[in-house]
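*Asks:* Next up is a structure, given as structure tokens.
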Amino acid sequence: MTLADYTFRFERLEQLAKDNYTTEKAFIDIYRNDARFATLTPERRYYPARRQQMVEPAIDWDLLRDRYVVIGEKTGENRFAMRFYVQTGIRWIWGGGLLMIAGALLSGWRGRRYHG
């Protein structure tokens with residue numbers, strides 16, 4: 001699958017039994033310009049004690065982009081629907097929020113200093 005200059009390639013699926021859950025973990029390599037860029041490992045976990053299934057997305061990020069892979073429903077034996085995302089600017093949203101908090105704290109600190 002190619003998306004936004006990245007090629008996502010399914011490598012393998014591992015099925016493991018842990019202490020309190022079983023997991024189906026996919027290994028997805030991401031390529032850019034024909035070079036492997038990252039490996040993501042999204043999971044589907046099943047907790048038998050609660051009869052609950054959870055999906056664990058895999059995320060690779062840098063300053064400009066986030067790359068996500070999420071395992072969806074099982075469509076056959078060792079076959080899954082998967083969702084791939086490449087989103088730009090997510091880190092900048094968080095950075096903007098931190099900058100607003102810093103500005104509010106600085107404003108409150110300066111206000112106390114001049115009212116003394």
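The values are calculated or read from the model by the stated rules, or taken from the named source; none is laboratory data. Just so we're clear, the structure is a prediction, and the values are computed from it rather than from any experiment. Cβ sites come from the backbone with ideal geometry, for glycine too, and all protein chains shown count toward neighbours.
*Asks:* Please tell me if Arg110 is at pLDDT below 85 and surrounded by 12 or more Cβ atoms within 10 Å (Cβ to Cβ).
*Replies:* no
*Asks:* Further, regarding this structure: What number of residues within the stretch 41-52 satisfy the criterion of being outside any loop (DSSP other than H, G, I, E, B) and either in contact (Cβ under 8 Å) with a residue 40 or more places away in the chain or under 17 Å from Arg79 (Cα atoms) (or both)?
*Replies:* Summing the residues that are outside any loop (DSSP other than H, G, I, E, B) and either in contact (Cβ under 8 Å) with a residue 40 or more places away in the chain or under 17 Å from Arg79 (Cα atoms) (or both) in the stretch 41-52 gives 4.
*Asks:* For the stretch 13-36, what are the residues that are loosely packed, with under 14 Cβ neighbours inside 10 Å and either in a loop (DSSP other than H, G, I, E, B) or touching a Ser or Thr at 6+ places or on another chain (Cβ under 9 Å) (or both)?
*Replies:* Across the stretch 13-36, the qualifying residues are Glu14, Gln15, Leu16, Ala17, Lys18, Asp19, Asn20, Arg32, Asn33, Asp34.
*Asks:* Same structure, new question: Out of the residues in the stretch 45-101 that are of a type in the set (A, V, I, L, M) and farther than 27 Å from Thr7 by Cβ, state the one that is surrounded by the fewest Cβ atoms within 10 Å (Cβ to Cβ).
*Replies:* That would be Ala49.
*Asks:* For the structure I just gave you, tell me whether Val86 is under 16 Å from Ala26 (Cα atoms), of a type in the set (A, V, I, L, M) and in a strand (DSSP E or B).
*Replies:* Considered against the rule, which asks whether it is under 16 Å from Ala26 (Cα atoms), of a type in the set (A, V, I, L, M) and in a strand (DSSP E or B), Val86 comes out as no.
*Asks:* List the number of the failed condition for Met82; all other conditions in (1) over 21 Å from Arg12 (Cα atoms); (2) modelled with pLDDT of 85 or more hold.
*Replies:* Unmet condition: (1).
*Asks:* What tally of residues in the stretch 1-12 results from selecting those that are hydroxyl-bearing (Ser, Thr, Tyr) and loosely packed, with under 13 Cβ neighbours inside 10 Å?
*Replies:* Within the stretch 1-12, residues that are hydroxyl-bearing (Ser, Thr, Tyr) and loosely packed, with under 13 Cβ neighbours inside 10 Å number 1.
*Asks:* Return yes or no: is Thr75 touching a Lys or Arg at 6+ places or on another chain (Cβ under 6 Å), farther than 30 Å from Ile93 by Cβ and among the polar types (S, T, N, Q)?
*Replies:* So Thr75 fails the test.
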